[in-house]
1. Contact order normalised by length for the range 167-292, with contacts defined as Cα pairs under 8 Å and 6 or more residues apart; what percent is it?
2. Given a 1.4 Å probe and every protein chain left where it sits, what share in percent of the accessible area of the range 167-244 is carbon and sulfur?
3. Classify the range 124-210 from the C-alpha gyration tensor, please: rounded if a/c falls under 1.5, else prolate or oblate depending on whether a/b exceeds b/c.
4. Compute the accessible area per residue over the range 206-356, keeping the other protein chains in place, probe 1.4 Å, unit Å².
5. With every protein chain present, what is the per residue accessible area of the range 105-193 (1.4 Å probe, Å²)?
6. Using the Cα gyration tensor of the range 197-283, with a ≥ b ≥ c the square roots of its eigenvalues, what is the shape: rounded (a/c below 1.5), prolate (a/b larger than b/c) or oblate (neither)?
Amino acid sequence: MKKVVSAIIALVIVGLMVLGYMGAAEHSRHEGGEAKAIDPKEVIFEHLGDAYGWELPFNHSTRLPLPIIVKGGDGWHCFMSSRVTGGETYEGFCLAKEGDNKGKVVQVAADGTETRPLDLSITKNAAGIFIAAFIVLCMVLSLAKWYRCNGLKAPRRTLGMLEFVIDFVYTDTIRPIMGKDAPKYASYLLTVFFFILTMNLLGLMVIFPGGANLTGNLAVTMVLALCTFAVITFTGNREYWKEIFWPDVPLGLKCPVPMMPLIEILGMFTKPVALMIRLFANMMGGHMVVLVLMLLIFIFTGLFGAVVGGATAVFSMLFTLFMLLLDTLVSFIQAYVFTMLSAIFISMAHPEHHHG
């Protein structure tokens, strides 16, 4: 029975995705009142990119409005995105339709020139980050409340699974890597793990509050990597900095040309870059594969007709379901890998003093 229910849920999820992409395709085809061929590149980047509204899966042309906060030449302005997402101009601001600022809020001057204001808007990705942070906070506070009320009694169901994951990440990953420093950095590393995991799983959902491509956004992964870089930089001990600027290698590799110090300094910055690119590329790749599989339905329908499109839909949905299950596993793996590498890099900033 459980297998049947799981299969039904999976088919419903895939069905919702198909309906959502059908809505996006129809919106793209009839935008401006004229039917046009589907542009796969446009549809893919529309779904993976940021936006000033949250699209609905059954009606892609209708979006949940989000607040736009901009500072133009005449001061600050705050209004809902529904004021401009239909192509309108509100208080001198609109969404650019072409150029480098396409899709971004611009201020239109009296002579028609467009300038990019200081934009602090709550976009889809920004709202998704707040939602992910709220979910993580609720999970942590719920588990803390359980222990306050029940002492050391083991929780069950959802809280029990949460405790199991925390114990696994800390006991089998953080503590073996960091040793006696593990309790000091466990709060940061566990927060990073659950925050990335939540963002990954929300990105696989097609309806609110999911659908935002957070870890597939390079800016988001860059900030996460910079957080680890900041921890490494500001907590590294004396021995760590000595190994960077005066490593324990033959003098010829340090003077007169500081070859090894330059390599060590370069290594400081390659660590966060590796964290950033690894998470971004893996999550972006999974999302793009799912989108391409869905778009195959519309591409083959347009080329060969409804019969071939219907047959393609069967295979596309099956492969999409497989990719969604694989992406769910990848979501856990990438959160785990980011946490593990962060623990390794932080532990490398606390080497023990060498005697002799």
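The values are calculated or read from the model by the stated rules, or taken from the named source; none is laboratory data. Computed from a predicted model, the values in this text were never measured in an experiment. We work out accessible area using only protein heavy atoms, side chains counted, and drop any ligands, DNA or RNA first. Shrake-Rupley method; radii C 1.70, N 1.55, O 1.52, S 1.80 Å.
1. Details: 82 pairs, mean separation 32.9, N = 126.
Dividing the mean separation by the residue count of the range 167-292 yields 26 percent.
2. Numbers: 2370 of 3400 Å².
C and S fraction of accessible area: 70 percent.
3. Numbers: a/c = 2.20, a/b = 1.38, b/c = 1.59.
Because a/c hits 1.5 or more and a/b fails to exceed b/c, the range 124-210 counts as oblate.
4. On the way: 8000 Å² over 151 residues.
Normalised by residue count, the accessible surface of the range 206-356 is 53 Å².
5. Values: 5480 Å² over 89 residues.
Result: 62 Å² of accessible area for each residue.
6. Numbers: a/c = 5.29, a/b = 3.11, b/c = 1.70.
Note, shape of the range 197-283 comes out prolate.
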